[in-house]
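Before I ask anything, here is the structure I am working with.
The values are calculated or read from the model by the stated rules, or taken from the named source; none is laboratory data. Nothing here was measured: the structure is a model prediction, and the numbers come from that model. Cβ coordinates were reconstructed from backbone atoms using ideal geometry, including for glycine residues, and neighbour counts include every protein chain displayed. Note: areas computed on protein heavy atoms with side chains; ligands, DNA, RNA excluded. Shrake-Rupley method; radii C 1.70, N 1.55, O 1.52, S 1.80 Å.
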Amino acid sequence: MTGSLTPPFFEIGPKNLLRRREIESVAVAAGRAGDDHGVTVLLTVPTALVAPIEGLGCGVRVLGQGMHTDRLGPSMNRVTAESLADAGAWGVMLNHDADPLDGTQLELALRRAAEVGLETVVCAATQHEAVRFAALEPTVVLYEPPNLIGTSRAGRRDWIPASTEAIHRAGPAVLAMHAGGISTPATARAVMAAGADGTGSTSGVLSAPDREAAARQFIAATRIGWDEARRAWPATTT
């Protein structure tokens, strides 16, 4: 279930906030919106729901919320890279603020994921971490300052252009995702217009009265911001 990822992309991470049917509704709406706007949608779901959400065939790329580094063997209650791949996961998110890994664990997890063809999104809390992790060559580095997680910060994020450039310099094939406090489509648009390869929102989508409509709005805004950045690019290089 692997494949290259090209920007723009948008990620939704339901954590353990929704039941299966609710996640399915969001997945279908987001997949359709992604097709409509040319945005790749990543959906990070609980491990037990990877297979059923992937089985919908709705166009989203399904990630596990994490994994262990154990190899196949007599262990119990461990999520192996092989089990995620066999469940149909496109990839796995690693080092989320709620499930941190130390440096050794992260490097091993990246190797294990690569062994079975899983793409990887690695979370970073600082620009220093983002650059260090980019050198490990995951698919995506998600730079998400902890003070923004779960907030509604609509202010300027002046660090995006420089940090994106630094991530690309450290890992030329690595994509730079910026998130945290992306509570409105306008904020998603601004983040993309600032130069991010991708962004995402959990609370902005899941707390909306109409989650499916919110997913569509965020994904449309992601595309608009990406196109704005592309139009601005020639002006910054002349």
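Can you find a residue in the range 33-41 that is in contact with a strand residue (DSSP E or B) (Cβ under 9 Å, 6 or more places away or on another chain), surrounded by fewer than 22 Cβ atoms within 10 Å (Cβ to Cβ) and on the phi > 0 side of the Ramachandran plot?
no
Another question, if that's okay. Which ones in the range 27-75 are polar (S, T, N, Q) and more than 15 Å from the chain's Cα centre (by Cα)?
Scanning the range 27-75 gives THR47, THR69, SER75.
Please enumerate the residues belonging to the range 81-130 that are in contact (Cβ under 8 Å) with a residue 60 or more places away in the chain and either in contact with a Lys or Arg (Cβ under 6 Å, 6 or more places away or on another chain) or part of a helix (DSSP H, G or I) (or both).
Matches in the range 81-130: ALA85, TRP90.
Looking only at the range 69-80, filter to residues that are within 18 Å of ALA51 (Cβ to Cβ) and touching a residue at least 12 places away in the same chain (Cβ under 8 Å); which one of those is least open to solvent (accessible area, probe 1.4 Å)?
It comes out as THR80.
For the range 177-190, enumerate the residues that are in a loop (DSSP other than H, G, I, E, B) and touching a residue at least 60 places away in the same chain (Cβ under 8 Å).
ALA179, the sole residue that qualifies.
Determine whether the range 191-199 contains at least one residue that is in contact (Cβ under 8 Å) with a residue 12 or more places away in the chain, within 20 Å of VAL60 (Cα to Cα), over 17 Å from the mean Cα position of the chain (by Cα) and open to solvent by 30 Å² or more (accessible area, probe 1.4 Å).
The answer is no; no qualifying residue exists.
Name the residue that is least open to solvent (accessible area, probe 1.4 Å), counting only residues in the range 97-117 that are out of contact with any strand residue (DSSP E or B) (no Cβ under 9 Å at 6 or more places or on another chain) and among the charged types (D, E, K, R).
Within the range 97-117, the match that is least open to solvent (accessible area, probe 1.4 Å) is ARG112.
Could you list, in sequence order, the residues of the range 154-194 that are of a type in the set (Lys, Arg) and modelled with pLDDT of 95 or more?
Listed by number, the residues that qualify are ARG169, ARG189.
Only one of (1) under 18 Å from the mean Cα position of the chain (by Cα); (2) within 23 Å of GLY198 (Cα to Cα); (3) not in a loop (DSSP other than H, G, I, E, B) is not met by PRO14, so which one is it?
Only one criterion is unmet by PRO14, namely (3).
Could you tell me which of the residues LEU84, LEU63, LEU94 is under 22 Å from ASN147 (Cα atoms) and buried (at least 22 other Cβ atoms within 10 Å of the Cβ)?
Answer to the check: LEU94.
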